[in-house]
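The numbers here are math on the coordinates, done by the rules we state, and not lab data. It should be emphasised that the depicted structure is a prediction, and the values quoted were computed from it without experimental measurement. Here the Cβ positions follow ideal geometry from the backbone for every residue, glycine too, while neighbour counts run over all protein chains shown.
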Amino acid sequence: MRRKSGIESYQMFRESGISLTPGVGQPLYRQIFDQVAARVSSGVLTPGFRLPPTRVLAEELGVHRNTVVRAFEDLVAAGFLVSVVGRGSFVTSAPLPASISPPPSRPSLPWVSLVSRAASAEPLGRADALAGPAPSGNPVNLSRMEPAGELLPHELLRRCLDHVLRDRAASALGYSPREGLPRLRELIAAELSRSGVPAEVDDVLVTTGSQQALDLVARALIDPGDPFLVEESTYSGAINLFAVAGARVVGVPSDGDGPDPAALERHDRSRAKGFYMMPNCGNPTGACVSAERRHALVAWSRRAGVPLIEDDYGADLNLDGVPPPPALKALDSEVIYLGTFSKKLIPALRVGFLVCPKALRRQLVPLKHAMDLGTSVLLQHALCEFLERGYMRAHLAKVLPEYRARRDALAAGLSEGLPDGVEWTPPARGLVLWLQLPEGSDPGAVCEEASRRGVLVTPGAIYSPTGRSRPSLRLAFCGEPPERIAVGAQRLCRAIDAAAGRGRGSGSTRAPAIDVL
Ligand code: PMP
């Protein structure tokens, strides 16, 4: 790139004219900062270019000289300018990146034989294999368990981030302590204890999303070939991780109360490394395990020597205000308990946590550190601020009635239009509803037909460790407003009718826009 002469730069600076808009919220010194920085970054102002004296620029712009001085000071602090006493302010001489040409092409390496068995684990590719083309238009999306954009408290989070950046500055921008910020671990432990989950601060390990907590459990417990138990319909992201770790993932059937004790007894001597489950609101089933069954599960775990992994991803999402029965962790200190702020607050925080049995801490902490060198300290501080200011309570008070209304709109639409033979129960907690289609139905065909009619849902097969399940669909009701959910329910009911009318078991497994969320 040819360097521009000083005169050329000066002319371009003049011609590109800094334009200020007073009273638009952004202070004038910030506007000057942004515009000069943009000109430096884009190469309009080249290294070594001398900016006009602050007095001259202030006159040209019609602002107080101090405004320009402040902008220049910030530009110097940020590294765009250097100031030389008695000579003026110059664009720094950091070289602009040279444009590079792509490397010469060569025969591809034998990647198929190079990639590990873990990266080729069957469940990982399942969602891709099932996914059809992206749907067009603006379909009602019941396939993602993700809070809708309009329900995310971005303004409250912005205040917390502003505060953290202003008050904590550098200490919020480094690496985190290995276990997570003590301040956050204390807040999590206190909140868990209030909700009946015994947790000592030392046992709380902050993770990068609860997905990392699951990965950590998988890495800590599973050797290739080990059996690992899950519910027959369970979170596909967990199946993926257990399979990647080399486990033989085995489904345990459930009845109306939860995982079937008789089925579990068959694993008494299987030396399974763990049983992963979601007692409060299953994903994808929305089911809650009864209090009695929880006691039975804990008794089985002790007898069989198989740890229980309790994923409470939907904690606090009690749509009817009724808390679930006591947590497994409250019944047995050896349970590994996982939680997250993704569903009840903001997925992008990527903050989850794990409450681990004391004896496991020594292994989990270095393992977690090896995985990512710590969860974002900036976001941990922002979350602490959010919790300490009581924003969480206010946020839940706002979103819970909204989620209830969304669930009720879905339930009303389904009650009206579903054909006979489809089984479902409106969930009391969480954000998903499970439809069990009549035996012999083809969920893939239903998903395809539903997509053609403008509603996206997910087939049950991706929630099964074997990829085969009773015909079923998961509907997530958090991402669309009630009016659109009602429309989506209507379209889905018609799609189920239409797919049934075309005959059963056509073998289609394609479903558009599948996501493991
Ligand atoms: N557990 C369950 C049951 C989930 O559905 C998810 C995400 N959908 C996770 C854990 C992981 O979520 P996150 O990493 O955002 O905490």
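What does the extension gain come out to for ASP257 and ARG183, with contour length at 0.36 nm per residue minus their alpha carbon separation? Intermediate values should be presented prior to the final figure.
Working: separation 74, 0.36 × 74 = 26.64 nm, distance 3.78 nm.
Residue separation times 0.36 nm, minus the Cα-Cα distance, leaves 22.9 nm.
Suppose the chain between ALA38 and ASP420 were pulled fully straight at 0.36 nm per residue; how much longer would it get relative to their current alpha carbon spacing? Mind dumping the intermediate values first?
On the way: separation 382, 0.36 × 382 = 137.52 nm, distance 6.29 nm.
Full extension from ALA38 to ASP420 adds 131.2 nm.
Would you kindly derive the ³J(HN,Hα) couplings of region 100-105 from the backbone phi angles with the Karplus curve 6.51 cos²θ - 1.76 cosθ + 1.60 (θ = phi - 60°), listing them in order in whole Hz, with x for Gly and Pro?
Couplings: 10, 9, x, x, x, 6 Hz.
Count the lysine pairs in the chain whose Cα atoms lie under 27 Å apart, taking only pairs 8 or more positions apart in sequence or on different chains.
Number of lysine pairs found: 12.
Counting only DSSP beta bridges with both residues in region 221-300, what percent are antiparallel, rounded to the nearest 5? Numbers along the way, then the final one.
Working: 2 of 9 bridges.
Taking every DSSP beta bridge with both residues in region 221-300, the antiparallel ones total about 20 percent.
Given axes a ≥ b ≥ c from the Cα gyration tensor, I'd like to know whether region 86-209 is rounded (a/c under 1.5), prolate (a/b larger than b/c) or oblate.
Details: a/c = 1.65, a/b = 1.08, b/c = 1.53.
It comes out oblate by the Cα gyration axes.
For region 429-468, what class follows from the C-alpha gyration tensor (a ≥ b ≥ c being the square roots of its eigenvalues): rounded when a/c is under 1.5, otherwise prolate if a/b is larger than b/c, else oblate?
Details: a/c = 1.70, a/b = 1.12, b/c = 1.52.
It comes out oblate by the Cα gyration axes.
What is the extension gain from HIS64 to ALA78, computed as 0.36 nm multiplied by their sequence separation minus the C-alpha to C-alpha distance, in nm to one decimal? List each step's numbers first, then the result.
Values: separation 14, 0.36 × 14 = 5.04 nm, distance 2.19 nm.
Gain on extension, HIS64 to ALA78, equals 2.8 nm.
Over the chain, what is the relative contact order in percent, taking alpha-carbon pairs closer than 8 angstrom and at least six residues apart? Kindly include the intermediate steps, with their values, before the conclusion.
Working: 911 pairs, mean separation 98.7, N = 517.
So the answer I get is 19 percent.
Taking amide H positions as placed 1.01 Å from N in the peptide plane, with prolines and chain starts having none, which residues 5 or more places from PHE49, or on another chain, fall under 5 Å of its amide H?
Those lying under 5 Å, H to H, from PHE49 are VAL91.
Answer rounded, prolate or oblate for region 15-156, using the Cα gyration tensor with square roots of eigenvalues a ≥ b ≥ c: rounded when a/c is under 1.5, else prolate when a/b is larger than b/c, else oblate.
Values: a/c = 3.54, a/b = 1.79, b/c = 1.98.
Here region 15-156 falls in the oblate category.
Set the Förster distance to 30 Å, then compute FRET efficiency between VAL487 and LEU396 from the Cβ-Cβ distance, nearest 0.05.
0.65
By DSSP, what percent of the beta bridges with both residues in the chain are antiparallel, rounded to the nearest 5?
On the way: 25 of 42 bridges.
DSSP beta bridges in the chain are roughly 60 percent antiparallel.
Given a cut-off of 44 Å, what percent of all Cα-Cα pairs of the chain lie beyond it?
Working: 41730 of 133386 pairs.
Value for the chain (Cα pairs over 44 Å): 31 percent.
If you average the sequence gap of Cα pairs under 8 Å that are 6 or more apart and divide by the length of region 377-438, what percent do you get for the contact order?
Values: 22 pairs, mean separation 13.4, N = 62.
Relative contact order here is 22 percent.
Which whole number in µm²/s is D for region 239-298 by Stokes-Einstein, with the Kirkwood Rh taken over Cα pairs at 4 °C and 1.567 mPa s? The partial results should precede the final answer.
On the way: Rh = 12.5 Å.
Approximately 104 µm²/s, per Stokes-Einstein.
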